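Peer 1: Before I ask anything, let me first share the structure, which is written out below as structure tokens.
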Amino acid sequence: MHIPDGFLGWTWPIFWIIAIIAVAYSLKWARDNLDERNVPLLAVLAAGIFAIQAMNIPIPWGTSGHMVGAALIAILFVSPWAAVLVLSIVLILQGLIFGDGGMTALGANIVNMGLIGGFVGFYSYKALKGVGRIPAIFIAGWTSIFIAAIACAIELAIAGTFPLTEGLIFMGLYHAVIGIIEGIITVVVILGIERVRPDLIPDWVKGKKQETVG
């Protein structure tokens, strides 16, 4: 999922512009919504996502993948902008410290994992929570990483780096499997926090009507 330098050709500035706008909105969301009660949880989850993204999980076909965490953050903080904020911080640190993902490609990585992953995860849960909380959380986690992977394949095809059909097949196939792990971890983390600190779980996640995206 981390696109390295040189893979986006002439398109990388476009994604930087989109990412800068998205990060600006996420910072506005943070100013309006974060307080001393939920900042520690956001920081802990950001650190956890940073760590777990460094742990690649073997999957079939000789490759590996890792959790993204965008759906988890978006659901817990009742806003996809929270996912944009956290993933942007994580991706910047990964790129600067570990060289994981290129700096010219940072904008695209933020767009894919933070913006697309966060919005797809959030609205998937919103659309499906009436069916049941646990299935909705799982599907939100799975969909967030699968759609982000498809977007990545399309971006590489537009840049001329990789053929579209092969990219969609392999990125889609790999991340359909990785998405299962993403969905399970998303469910486990949310239910775990709810069991230990139910006061940190928003009413919206508990099935009540509270919901904001501001």
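Peer 1: Among 11-18, 178-185, 157-164, how do they line up by average Cβ neighbours within 10 Å per residue, starting with the highest? Spell out each step's value before the answer.
Peer 2: On the way: 11-18: 16.5, 178-185: 21.6, 157-164: 14.5.
By packing density, highest mean first, the sequence is 178-185, 11-18, 157-164.
Peer 1: Roughly how many Å² is the accessible area per residue of segment 113-198, as a whole number, for a 1.4 Å probe?
Peer 2: Working: 3790 Å² over 86 residues.
Value for segment 113-198: 44 Å² per residue.
Peer 1: Under 1.5 on a/c is rounded, so check that first for segment 91-171, then, if it is not, pick prolate when a/b is larger than b/c and oblate when it is not; a ≥ b ≥ c are the square roots of the alpha carbon gyration tensor eigenvalues. Mind dumping the intermediate values first?
Peer 2: Details: a/c = 2.95, a/b = 1.54, b/c = 1.91.
In terms of gyration-tensor shape, oblate.
Peer 1: From the P(r) of segment 76-214, can you give the percent of Cα pairs sitting at distances over 27 Å?
Peer 2: Details: 2291 of 9591 pairs.
Cα-Cα pairs in segment 76-214 separated by more than 27 Å: 24 percent.
Peer 1: Listed highest first by mean packing, meaning other Cβ atoms within 10 Å per residue, what order do 144-151, 110-117, 125-132 come in? Could the numbers behind the result be given before it?
Peer 2: Values: 144-151: 25.0, 110-117: 28.5, 125-132: 15.2.
Result, highest mean Cβ count within 10 Å first: 110-117, 144-151, 125-132.
Peer 1: Let me ask something else about it. Find which of V78, H2, I14 sits farthest along the positive direction of the dipole of segment 1-156, computed with +1 on the beta-carbon of Lys and Arg, -1 on that of Asp and Glu, about the Cα centre.
Peer 2: The Cα lying farthest towards the positive end belongs to V78.
Peer 1: Can you tell me the FRET efficiency between Y123 and K28 if r is taken as the Cβ-Cβ distance and R0 is 22 Å, rounded to the nearest 0.05?
Peer 2: Details: r = 20 Å, r/R0 = 0.89.
Computed FRET efficiency for Y123 and K28 comes out at 0.65.
Peer 1: Let me ask something else about it. Order of 135-141, 93-99 by packing, highest average Cβ count within 10 Å first? Kindly include the intermediate steps, with their values, before the conclusion.
Peer 2: Details: 135-141: 23.9, 93-99: 13.6.
By packing density, highest mean first, the sequence is 135-141, 93-99.
Peer 1: Turning to a different aspect of this structure: What net charge is computed for the residues neighbouring G121, neighbours being all others with C-beta under 13 Å from the C-beta of G121, Lys and Arg scored +1, Asp and Glu -1?
Peer 2: Numbers: positive: K126, K129; negative: E182.
Surrounding charge for G121 is +1.
Peer 1: Tell me the carbon and sulfur percent of the accessible area for segment 121-214, rounded to whole percent, probe radius 1.4 Å. Mind dumping the intermediate values first?
Peer 2: On the way: 3260 of 4590 Å².
Ligands and nucleic acids excluded, carbon and sulfur reach 71 percent.
Peer 1: I need the shape label for segment 1-111. Rule: rounded when a/c is under 1.5, else prolate if a/b > b/c, else oblate, with a, b, c from the alpha carbon gyration tensor.
Peer 2: Working: a/c = 2.17, a/b = 1.26, b/c = 1.73.
It is oblate, given that a/c is not under 1.5 and a/b is not larger than b/c.
Peer 1: Rounded to the nearest Å, what's the spacing between the alpha carbon centres of segment 131-155 and segment 1-39? Just the number, please.
Peer 2: For segment 131-155 versus segment 1-39, the Cα centre distance is 19 Å.
Peer 1: Further question: Only helices at least 24 Å long along their own axis, judged from Cα atoms, and with Kyte-Doolittle mean hydropathy of -0.5 or greater: name those in the chain from DSSP H.
Peer 2: Details: long enough: 12-33 (31 Å, 0.85); 133-158 (37 Å, 1.85); 164-196 (45 Å, 1.69).
What comes out of the filter, once short or polar helices are dropped, is 12-33, 133-158, 164-196.
Peer 1: May I ask you to compute the full-extension gain from L191 to W10, defined as 0.36 nm times their residue separation minus their alpha-carbon distance, rounded to one decimal in nm?
Peer 2: Numbers: separation 181, 0.36 × 181 = 65.16 nm, distance 4.33 nm.
Here the segment from L191 to W10 would lengthen by 60.8 nm.
The values are calculated or read from the model by the stated rules, or taken from the named source; none is laboratory data. On a predicted model such as this, the values are computed, not experimentally measured, just so you know. FYI the Cβ positions are ideal-geometry reconstructions off the backbone, even for glycines, and counts take in every protein chain you see. Areas reflect the complete protein model, heavy atoms only, side chains present, ligands, DNA and RNA absent. Shrake-Rupley method; radii C 1.70, N 1.55, O 1.52, S 1.80 Å.
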